[in-house]
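Okay, handing you the structure first.
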2 protein chains.
Amino acid sequence: MLIKQFGLAVRQLREGRGWSQERLAEAADLNRSFIGEIERGAATPSLLTVEKLAHALGIGLAGLLARCEPELID
Amino acid sequence: MLIKQFGLAVRQLREGRGWSQERLAEAADLNRSFIGEIERGAATPSLLTVEKLAHALGIGLAGLLARCEPELID
């Protein structure tokens, strides 16, 4: 399911940078608990939240979402 | 702004297929007026709505979003 895959992708990218959820929340101007929910696939982000996360993680929107659909890469 | 660019991308893809907003709404299982708002950049879609639109338009998520950030392609 996309939301779970998206959460996993965000977690992998965050941990790849050695960041805490607090650090990512600060960089993305989002709430720390919301980051936790997104990573668990328990919250559906808006396109603007996806953009904030991609920007904070230093990856393009398409690049971040490509990680959620490896087999559907367009 | 991302939301405006996303709306434009959806409209271009829809019109490229010769579809009406009704046709896209039906294919994406979304409300016709919501499609209009999205295309005008007046509504912020969730990631699941983005997925529904990409699927209905026969394009991958990353492919659809790459159209919104030509200069930021990852």
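As an exercise: evaluate B:Arg67 against (1) over 18 Å from A:Leu2 (Cβ atoms); (2) touching a Ser or Thr at 6+ places or on another chain (Cβ under 8 Å) and give the number of the one condition it does not meet.
Of everything listed in (1) over 18 Å from A:Leu2 (Cβ atoms); (2) touching a Ser or Thr at 6+ places or on another chain (Cβ under 8 Å), B:Arg67 misses just condition (2).
Would you mind stating whether A:Ser33 is free of Cβ contacts under 8 Å to residues at least 60 places away in the same chain, among the hydroxyl-bearing types (Ser, Thr, Tyr) and touching a Lys or Arg at 6+ places or on another chain (Cβ under 9 Å)? Break it down stepwise before answering.
Numbers: free of Cβ contacts under 8 Å to residues at least 60 places away in the same chain: yes; among the hydroxyl-bearing types (Ser, Thr, Tyr): yes; touching a Lys or Arg at 6+ places or on another chain (Cβ under 9 Å): no.
No: the conditions fail for A:Ser33.
Of all the helices (runs of 4 or more DSSP H) wholly in region A:21-62, which have at least 3 residues that are within 14 Å of chain B (Cβ to nearest Cβ)? Let's see the steps before the verdict.
Working: elements: A:21-28, A:32-39, A:47-57.
Correct list: A:32-39, A:47-57.
Kindly evaluate A:Phe6 against the criterion of being within 19 Å of B:Leu65 (Cα to Cα) and at pLDDT 95 or above.
So A:Phe6 fits the description; yes.
Can I ask one more? Residues being under 11 Å from the mean Cα position of the chain (by Cα) and within 14 Å of chain B (Cβ to nearest Cβ): count how many of those fall in region A:1-20.
Of the residues in that region, 9 qualify.
The values are calculated or read from the model by the stated rules, or taken from the named source; none is laboratory data. Model, not experiment: these values are computed from the prediction. Methodologically, a virtual Cβ is constructed for each residue, glycine included, from the backbone with ideal geometry; neighbour enumeration extends over all protein chains shown.
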